[in-house]
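Please read the structure below before turning to the comments.
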Amino acid sequence: MRADPERAREAARTILREFGVKGAPVPVERIIKARHIVLQYAPLEDDLSGMAFIKDGVGIIGVNALHHPNRQRFSAAHELGHHELHAPEIEKAVHVDRGFRVLLRDDVSSQGIEPLEIEANAFASELLMPRDLVASAVDASGLDIEDEAGVEALAKKFRVSASAMRYRLAGRF
Ligand SMILES: [Zn+2]
């Protein structure tokens, strides 16, 4: 299977439209609950970000409660991406995500990263940092993406990590 990040972004945009999301932060928890997916927070090992599976027809998302709240939001959105895009796969086996923060490191290319993860990250990125909302926030603030404090302020507004926002602004999700 080849990754299709555009399909993933389109799925996220459809959800944003359905929800009538007009501003940041995007209410990812409410979106998940409205889709009748059970969202559970539990203290997990540090390298575990989250998991997604379907059991007896019930969708379940697990998120590591020990991580920073903004990272938990990204994990939740990533796992929602698996539910939206990869239901057949997560019905067969529990999908466990080990530290996709690795993907947020600047020096890692997308080569060798599983297509499912590329898609789930593209979905999460578009869901939490919708292109048009980010663009208008950047315009409104006159943000220079080299400006650390500015990127952090933008990340705070969208309730994502600064590294996720940096990635987004660099167009790498
Ligand atoms: Zn994943």
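All of the numbers you see were taken from the coordinates with simple rules; none came from a lab. Note that the coordinates shown come from a computational prediction; the quantities given were computed from them, not determined experimentally. Backbone-built Cβ (ideal geometry, glycine too); neighbour counts: all protein chains shown.
With axes computed from alpha carbons, what is the tilt in degrees of helix 69-85 against the longest principal axis of the chain, rounded to the nearest 10 within 0 to 90? So the inclination is approximately 60 degrees. Taking 0.36 nm per residue of separation and subtracting the current Cα-Cα distance, fully stretching the chain between Glu10 and Leu66 would add 17.1 nm. In the range 1-95, the alpha-carbon atoms span a convex hull of 107 Å³ per residue.
Entry for the chain at q = 0.13, 0.17 Å⁻¹: log10 I(q)/I(0) = -0.59, -1.04, Debye formula applied to identical alpha-carbon scatterers, no solvent contribution.
Cross-link partners of Lys157 among lysines, defined as those whose alpha carbon lies under 22 angstrom from its own and excluding same-chain residues fewer than eight positions apart: Lys22. Computed from Cα atoms, the angle from the helix 5-19 axis to the main principal axis of the chain rounds to 90 degrees. Hey, what angle do you get for helix 131-141 against the long axis of the chain, alpha-carbon based, 0 to 90 degrees rounded to 10? So the helix axis and the longest Cα principal axis differ by about 30 degrees. At 37 °C and a viscosity of 0.692 mPa s, what translational diffusion coefficient does Stokes-Einstein give for the range 24-80, taking Rh as the Kirkwood radius over Cα pairs? Give it in µm²/s as a whole number. Roughly 288 µm²/s, to the nearest whole number.
Relative to the compact-globule estimate of 2.2 N^0.38 Å, the Cα radius of gyration of the range 1-50 comes out at 1.44. Within the chain, antiparallel bridges make up roughly 60 percent of the DSSP beta bridges whose residues both belong there. Within the shell defined by Cβ-Cβ distances under 12 Å, the residues around Gly59 carry a net charge of -1, with Lys and Arg each +1 and Asp and Glu each -1.
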